[in-house]
Every structure is written in structure tokens, then in C-alpha cells.
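One structure is given below, encoded as C-alpha cells.
The values are calculated or read from the model by the stated rules, or taken from the named source; none is laboratory data. Model, not experiment: these values are computed from the prediction. Don't worry about glycine lacking a Cβ; one is built from the backbone with ideal geometry, like all the others, and counts go over all protein chains shown. Heads up: the accessible areas ignore ligands, DNA and RNA and are worked out on the full protein's heavy atoms, side chains in. Shrake-Rupley method; radii C 1.70, N 1.55, O 1.52, S 1.80 Å.
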Amino acid sequence: MKPTFGLPWIMAALLLALGGCGKSSAPATAPEEKPADVVQVAEAVNEFVTVDGRTFSRQGKTYYVVGTNMWFGGYLGSEGAVGDRERLIRELDLLQRTGINNLRVLAASEQSELMRAVRPAIVTAPGEYSEELWAGLDFLLDEMAKRDMTAVLYFNNFWQWSGGMSQYVSWFEGTPVFDPDVTNEWNAFMQNSAKFYRMEEAQTLYRDIIKRVVTRKNTINGKLYNEDPTIMSWQLANEPRPGSDEDGRINFPAFKEWVHETSKYIRELAPKQLISTGNEGSMGTIRDMALFIESHQSEYVDYLTFHMWLKNWGWFDATKPEETYESALQQAKKYINEHVDVANQMNKPIVLEEFGAERDGGSFEVSATTVYRDRFYEEFFDLIHSHSASGDALAGSNFWAWGGFGRTQNADFMWQEGDDFVGDPPQEPQGLNAVFDTDASTLDVIKKHADKMSQLVK
């Protein structure tokens with residue numbers, strides 16, 4: 001966003017410079033001070049991550065996302081029972097040493113009876129919010145700024161592990177929340193979540209939450225969120241989908257309108273920051289690339305996102321690694337390349353903001369090896385670097401997920417209220433995809449990638 005007084009002063013400086021070549025010898029000390037002010041303002045604006053064609057820019061240089069998912073960052077920053085600020089500082093320090101410059105973080109969760117939902121929640125009831133947890137987000141952002149990190153904050157969730165869209169539907173339909181962990185009816189659950197896009201009351205509450213977060217004043221440093229360059233992007237939701245693969249096409253018009261109108265609303269509140277959807281790519285858009293493209297053509301969506309899940313999509317079986325590794329790798333590379341091609345055509349940056357792999361043998365134990373995970377990471381990072389180096393639109397990645405110093409003590413590895421947060425959300429076994437502080441080989445792979453990406457900055 002350009003300062004309104006920038007052009008006149010720059011013109012004045014040019015006129016003075018031209019005048020100096022002629023007969024006039026009058027001093028120009030007063031006007032010379034103003035261009036310096038213009039430079040200072042421009043530098044302040046450039047602290048924000050911006051889009052420059054197929055790439056991001058920050059502080060006048062190309063900016064590549066070398067990130068991770070740490071959805072629980074705001075929770076850990078809380079002074080309440082779930083918080084641990086000492087641990088959070090240790091986590092951020094380790095991430096910084098590993099070369100991580102970006103965290104993708106949950107900014108809103110909904111109180112729910114869903115069996116696998118995180119507890120406590122930020123939205124305790126419609127119109128009622130936990131200041132304690134949002135203050136934890138304040139602390140996280142302040143500490144990230146000290147380490148020159150940026151954040152992607154998302155406001156909602158298509159899935160059940162944070163309450164999410166189905167909880168909105170339950171509140172405003174007055175019906176019991178649809179719980180796929182109880183019914184095992186995933187197609188019906190996804191269709192139920194998609195009702196959210198068409199519910200006026202749900203959208204009113206959703207926008208109230210957006211406004212409260214975007215215009216919030218940080219209680220630690222006094223910065224308004226929409227004036228804080230630590231926040232790279234506002235994200236509509238975690239993995240918003242039109243609905244299920246089988247029946248979701250009928251919901252697509254409402255989904256597309258929701259993407260556009262919500263993005264436009266956020267732009268009005270936060271004109272200096274970027275906006276993204278959090279979508280998984282074609283796999284999250286009824287497996288239809290044309291619909292993915294169509295739903296991201298809004299001028300208010302600044303860049304594209306896509307996710308990639310080797311196990312969930314049936315590509316890789318950790319109990320049969322030799323039999324499934326090579327084919328999984330080829331499918332993964334094909335998926336990445338297809339989305340980069342689309343981003344190139346749309347002339348928008350794209351970020352692979354979720355990808356993960358299990359520990360060897362499908363184990364959840366922290367002590368289990370990560371040979372195949374490391375191999376996948378190396379392959380993906382090499383491909384990301386290759387695309388970025390060649391000028392393609394692939395602008396970075398966030399692996400899923402950061403577990404750090406967290407540990408689970410439960411025999412079934414399922415999260416229970418009061419347990420450590422370890423990156424894997426509550427509906428999944430803790431340790432499934434988490435990268436822990438003791439995963440030295442994986443951390444080395446990540447650090448080498450960070451170093452290579454930093455060499456591309458110009």
C-alpha cells in the first residue's frame with residue numbers, strides 16, 4: 001500500500017535534481033529531507049509480505065515460505081491451564097535455528113460436543129469468546145516478531161477437530177452436532193459441514209469472529225493485528241471444501257461465492273495483508289482442477305494453497321514401504337507439478353502448506369525411526385527448490401506438523417483434554433505426522449532445505 005504523499009515528494013526531488021544542472025544555486029536542504037521520509041515509509045510498508053507476480057516479496061527481496069504447521073501456537077502462548085510460554089519460547093528458538101520462517105496457526109476454535117474436538121475452545125458459544133486464548137495468540141505473534149517469523153492465521157475448519165463448520169450448523173439449526181468419529185459417516189459429515197456456506201446466521205457469527213481478530217490490539221505490544229507485518233496472511237479456513245466428493249458439486253456455487261465475499265470482507269478490514277483460502281487443491285475441490293481454478297479466481301484471493309497426504313489418499317502404506325514408496329513418490333510429484341502449472345497460468349504464487357508422512361512402520365512412538373519420512377521430505381524439498389529456482393509460482397511450503405517438545409503419555413496415542421499438544425490434531429493418533437525435537441535426521445533435512453531456499457533470495 002503506497003503512502004499518499006509519496007508521488008509529490010518524489011516529483012519534487014526529481015525537479016530539484018534537474019534544477020541543479022542549470023544556473024540556480026539556491027540550497028535545497030528542506031526538500032531533500034522529504035524523500036528520506038518517503039523511503040522510511042516505503043520500508044515500513046515493505047515489512048509486509050506482498051505478492052509480486054508469481055512470487056512473494058518482503059523488505060524489498062523475494063520471500064520464500066519455509067514453514068511448518070503449529071496450529072496450537074496460540075494455545076501454548078496462553079497464561080491459562082493449557083498454556084506453556086516457556087515451552088513455546090523453546091519451540092520458537094529451535095524452529096528459528098532450523099531455518100523456519102513461517103507458522104500456520106489456528107485463530108478460532110468452537111466449543112463442541114464432538115468427541116475429538118480440542119478443548120478448551122476460543123468460541124465458547126455464539127458471541128462468547130475466550131480472551132485468555134486470544135491473549136495467547138498475542139504472545140505467540142509478539143515472540144514470532146522477535147525472530148522475524150511470519151504467520152498464516154486461519155479462522156475456521158471444515159473438519160471436526162476444532163469444532164468447525166459443523167458446529168456452526170449445529171448451533172443455528174438447533175440440532176445435535178454431526179460427529180463422524182461416532183457415526184463413521186464421512187460423506188454425510190462433509191455435506192453437513194458445507195451447509196455452513198449458505199447459513200446467514202453462521203456467516204454473521206463467522207464475520208464477527210473475523211472482525212474481532214483482524215482488528216484486535218495485541219495485549220503484549222499494542223499493535224493492531226491488521227497493522228502487524230508478522231501476519232503474512234489471513235486464511236478463510238483449514239481445508240474448506242464444497243462438500244463430499246460424491247455429492248458436493250451442488251454446493252459449489254455457494255462455496256465459490258463464500259470464498260469471494262469473505263475474502264472481500266477481510267480485504268476491507270486488512271488491506272495491507274494477504275488473503276488465502278486454505279484449500280487442499282483439486283483433491284479438496286471434488287477432485288476437479290477446473291473447480292479449484294474457478295473458486296480461486298477472485299481478485300481478493302492473493303495466492304493459492306494446496307495440501308498433499310500420502311497416507312490419507314491411499315498412496316503410501318508405511319507397513320509396506322518398499323512396495324509403495326516409489327509409486328507414492330511419483331503420484332506426489334505429479335500432484336505438485338499439476339498445481340504449479342495452474343499457478344503459473346493464473347500468475348499467482350502457490351504454497352504447499354500441508355504435507356506429511358508417518359514414522360517408519362506406521363509407529364507413533366517418538367523413538368521410532370523416520371527413514372521414509374526423510375526420503376519423502378528430501379524429494380519434495382528438492383522439487384520445491386527446483387520450481388522456485390526456475391521462476392515457477394511455487395513459493396514455499398509448510399510441513400505438517402510441528403510436535404517439538406510435546407509428548408503423549410496415552411497407550412492408545414489419542415489426545416485427551418489436558419495432554420500436551422504435539423502437532424497432530426485431536427482426531428488423529430498423537431505422533432502420526434509430528435516432527436519432534438529429537439528427530440535429528442528430519443531436522444537436518446529441513447535445515448538443509450532452508451539454507452538452499454535462502455540462497456534464492458534476491
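Given the C-alpha atoms of the chain, compute the convex hull and give its volume per residue in Å³. Intermediate values should be presented prior to the final figure.
On the way: hull volume 69.3 nm³, N = 458.
Looking at the chain, the number lands at 151 Å³ per residue.
Express the carbon and sulfur contribution to the solvent-accessible surface of the chain as a percent, rounded to the nearest whole number, probe 1.4 angstrom.
On the way: 9480 of 18520 Å².
The value for the chain is 51 percent carbon and sulfur by accessible area.
Averaged per residue, what accessible surface does the range 261-346 expose to a 1.4 Å probe, in Å²?
Details: 3300 Å² over 86 residues.
Ligands and nucleic acids excluded, the result is 38 Å² per residue.
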Need the full-extension length gain, M289 to E257, defined as separation in residues times 0.36 nm minus the C-alpha distance. One decimal, nm.
9.8 nm
Could you derive backbone 3J(HN,Hα) for the range 106-118 from the dihedral phi with the Karplus parameters 6.51, -1.76 and 1.60 (θ = phi - 60°), listing whole Hz in sequence and x where the residue is Gly or Pro?
6, 10, 8, 9, 10, 4, 8, 8, 3, 4, 10, 7, 5
Determine how large the accessible area of D52 is when every protein chain is in place; take a 1.4 Å probe and give Å² rounded to the nearest 10.
100 Å²
Determine the gain in length on full extension of the stretch E131-Q59; use 0.36 nm per residue of separation and subtract their C-alpha separation, reporting nm with one decimal.
22.7 nm
By per-residue mean of other Cβ atoms within 10 Å, what is the highest-first order of 145-152, 105-112?
105-112, 145-152
List the pairs from K146/K264; K146/K223; K223/K458; K348/K452; K334/K458 whose alpha-carbon separation is above 25 Å, in the order I gave them.
K146/K264; K223/K458; K334/K458
Roughly how many nanometres apart are two label points built 7 Å out from the Cα toward the Cβ at E246 and R119?
3.1 nm
Potential extension, E365-K333 segment - 0.36 nm per residue separation minus Cα distance
8.7 nm
For a quick protection proxy, order the peptides 314-326, 293-305 by their average other-Cβ count within 10 Å, most packed first.
293-305, 314-326
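Using the per-residue mean of other Cβ atoms lying within 10 Å as a proxy for protection, in what order, highest first, do the peptides 397-404, 174-181, 61-68, 113-120 fall? Show your work: numbers first, answer last.
Values: 397-404: 26.0, 174-181: 15.4, 61-68: 21.8, 113-120: 19.5.
Per-residue Cβ counts within 10 Å, averaged per peptide and sorted highest first, yield 397-404, 61-68, 113-120, 174-181.
Tally the DSSP beta bridges in the chain and give the antiparallel ones as a percent, rounded to 5.
On the way: 9 of 40 bridges.
Around 20 percent antiparallel, to the nearest 5.
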Assign unit charges at the C-beta atoms only (+1 for Lys and Arg, -1 for Asp and Glu), then state the dipole size of the range 237-340 relative to its Cα centre in Debye, rounded to the nearest 20.
240 debye
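Run through the range 344-379 and list the GluC sites (Glu not before Pro) located in a DSSP loop whose Cβ has at most 13 other Cβ atoms within 10 Å. Provide the component values of the computation, followed by the final result.
On the way: sites: E353, E354, E358, E365, E378, E379; in loops: E358, E365.
Taking the range 344-379 and a limit of 13 other Cβ atoms within 10 Å, the loop GluC sites (Glu not before Pro) found are E365.
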